[in-house]
Amino acid sequence: MDGALKENDISHVVEADKAHVWHHLTQHKPFETSDPRIIVEGKGMRVWDQNGKEFLDAVSGGVWTVNVGYGRETIADAVRDQLVKLNYFAGSAGSIPGALFSEKLISKMPGMSRVYVTNSGSEANEKAFKLIRQIAHKRYGGTKTKILYRERDYHGSTLATMSAGGQDERNAQYGPFAPDFIRVPHCMEYRKEELGLGHLSGAEFGRAAADAIEEVILREGADTVGALCLEPITAGGGVIEAPEGYWDRVQEICKKYDILLHIDEVVCGLGRTGTWFGYQHYGIQPDFVTMAKGVASGYAAIACCVTTEKVFEMFKDDSTDPMNYFRDISTFGGCTAGPAAALENMRIIEDEGLLENTIAMGARMMSNLEALMEKHSVIGDVRGKGLFLGVELVKNRDTKEPVSEKEVGAVVGDCGAQGVIIGATNRSIPGKNNTLCFSPALIATADDIDRITEAVDKALTKVFG
């Protein structure tokens, strides 16, 4: 650790944090008798806290964000140079980094054509929701306003995105929510019995899970449903990849009932799964794609709502109508640091072959975790794609009863004591926050992967025997 702060400065920083900072996703009562963790520095896949302890970060900044690793001077330089030249102008006008980044991004997204820049994943998803609602009024007399979302999926922390939130614990105590957001069942084959589909597997299960969406559409009335919003791989709800047959059937259903398909790539986007976007594994052609987190690897705040030209044309077809265009703005969508950082982030992914590395290291990590599954009966399922993996812990493989959150926390805590930061589902599914989550940076080496899984092995042994 280089140590930009001197030792006598750290104690003041800790006290200032304890006195004034409200941490995310954190119960602060323990800080009355202990200190919060303050991350002081990062380099590559390592971070250091205020005590100088080194950690291997297996969750890319805690929430699947720092895709290209810490300490990237070229991204910092790109941001600094752009801020000196022009730091901001509202998105009602263009900027050089905004135009060049949009061009580069669209080159990786065949079938998509327009980029609306915002400052967070929640906001990007809200933009898609607003576009869908406006289309309902422009084209369908205000009837197709309902937006379907899936159980276990997560789309953000605003009231509108929580209205489309499939994680009941995240939503608890924050209602009432916005109307016309309708839930459809999850597609988790490991827990297919919950759907009454325990007799099916593989593609048969996948199509049946998608058929459940059609049942909801018919129940609600197809003329009332405007869009279906899905994560390509469910993230915080348990790292769930849909089985074969699911996505083909989903697209058939959307086409049949004239329903727009919105894919939320906030977690999966920009290389996390080994392709530029998670949906590209499955032959999906969406109408909307939203993204955030890895777009600039956390070096600047930026998110995007990307649409097709067909969607874009709906908002310019009658220039005489003053209500015809998308009457929306994102203040910090006008910051130039975001697209400047994002453009350099994409260059790094390309030039360093990080998509290929993600595939190779993801395969290694999956193999390591499957080996742990043979050793530890507490592992009920291992799943995911690329460097986006989950391990579900259960008391009994036959009943699939989840282990307690306290035990999951003990595994995470022991890995931390070993100097490896891993994640776990948190305040998501009542009684089922039992999945360990892994999303190391796309720069991970074989040694990094092995150290992560070795730490998990030791932690499982210590907690469960």
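Quick notes on this structure:
- Taking strands (runs of 3 or more DSSP E) as the structural unit, those lying wholly within segment 100-208 and holding at least 1 residues that are in contact with a His (Cβ under 9 Å, 6 or more places away or on another chain), open to solvent by less than 50 Å² (accessible area, probe 1.4 Å) and β-branched (Val, Ile, Thr) correspond to 146-150.
- Any chance residue 394 is surrounded by fewer than 20 Cβ atoms within 10 Å (Cβ to Cβ), touching a strand residue (DSSP E or B) at 6+ places or on another chain (Cβ under 7 Å), in contact (Cβ under 8 Å) with a residue 24 or more places away in the chain and of a type in the set (A, V, I, L, M): yes
Residue by residue, here is whether (1) over 30 Å from residue 207 (Cα atoms); (2) open to solvent by less than 70 Å² (accessible area, probe 1.4 Å); (3) in contact (Cβ under 8 Å) with a residue 40 or more places away in the chain holds:
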residue	(1), (2), (3)
293	yes, yes, yes
307	no, yes, yes
324	yes, yes, yes
339	yes, yes, yes
351	yes, no, no
357	yes, yes, yes
376	yes, yes, yes
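- Any hit, segment 291-298, residues being part of a loop (DSSP other than H, G, I, E, B) and within 21 Å of residue 110 (Cα to Cα): yes
- Sole exception among (1) under 21 Å from residue 103 (Cα atoms); (2) crowded, with 17+ Cβ neighbours inside 10 Å for residue 267, by number: (1)
- Every residue from segment 278-290 that is crowded, with 24+ Cβ neighbours inside 10 Å and either hydrophobic (A, V, I, L, M, F, W, C) or in a strand (DSSP E or B) (or both): 288, 289, 290
- Selected residue (criterion: nearest to residue 290 (Cα to Cα)) from residues of segment 73-132 that are of a type in the set (S, T, N, Q) and under 24 Å from the mean Cα position of the chain (by Cα): 125
- Any hit, segment 411-421, residues being open to solvent by 10 Å² or more (accessible area, probe 1.4 Å), in contact with a Lys or Arg (Cβ under 9 Å, 6 or more places away or on another chain) and more than 17 Å from residue 59 (Cβ to Cβ): no
The values are calculated or read from the model by the stated rules, or taken from the named source; none is laboratory data. On a predicted model such as this, the values are computed, not experimentally measured, just so you know. Positions of Cβ are generated from backbone atoms using ideal geometry, with glycine treated the same way; all protein chains shown enter the neighbour counts. These accessible areas exclude ligands, DNA and RNA; they are computed on the full protein's heavy atoms, side chains included. Shrake-Rupley method; radii C 1.70, N 1.55, O 1.52, S 1.80 Å.
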